[in-house]
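The values are calculated or read from the model by the stated rules, or taken from the named source; none is laboratory data. Because the structure is a prediction, the values reported are computed rather than measured. Neighbour counts are summed over all protein chains in view; Cβ atoms, including those assigned to glycine, are modelled from backbone coordinates with ideal geometry. Areas reflect the complete protein model, heavy atoms only, side chains present, ligands, DNA and RNA absent. Shrake-Rupley method; radii C 1.70, N 1.55, O 1.52, S 1.80 Å.
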Amino acid sequence: MKTKLSFFFLLFSLFSFGQVPHCGFDFTSYLVVKVHEEGKSDNIADLKITLVNEKGIEIINENNKYSWKYGNQALVFTRNHLISKPNEHEKWFFPYSGDTYLLSVTNTFPAEEFYIKIQDIKGKYKEQLVQLQAFNMYILCSSENERQARTFGPRSNNPIEVILEKK
């Protein structure tokens, strides 16, 4: 009996230690957009930023193919939320991106196939279309970042920086 119990614990420990720990963001990445005027660093408010194709037509997230959120809807970026109280150091809901626009996408999101369309709701700035690249995605799990660190080329986890022109 002692031998069987020892064997059971040996198998259990091998199985437990052989598993790779998972990150809460294993299947999610983010597209982060920082939009400002030439010579300024402040993010422009009141923008509508939408995922589109090369013709500027909105992409519908059919059956959550591109994002785990917004099923069967157009994929529209939301602004990061400031969660700090007045007179406190600035704290953001997604602290890694600061004052930006965000869109949650799957890790398998084919960024090179899409564009973002930036429209000013108030009509002060010209509309702009920007093609996405794979390195535009924020990869939040350290194991994926470590894998990418061993490759050449542009790094992820940098916002897509867009400079808008006034009309």
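Could you tell me whether segment 90-107 includes any residue that is farther than 20 Å from Pro159 by Cβ and open to solvent by 40 Å² or more (accessible area, probe 1.4 Å)? For segment 90-107, residues farther than 20 Å from Pro159 by Cβ and open to solvent by 40 Å² or more (accessible area, probe 1.4 Å): absent. Within segment 72-89, the residues that satisfy the criterion of being under 15 Å from the mean Cα position of the chain (by Cα), within 17 Å of Ile59 (Cβ to Cβ) and open to solvent by 40 Å² or more (accessible area, probe 1.4 Å) are Val76, Thr78.
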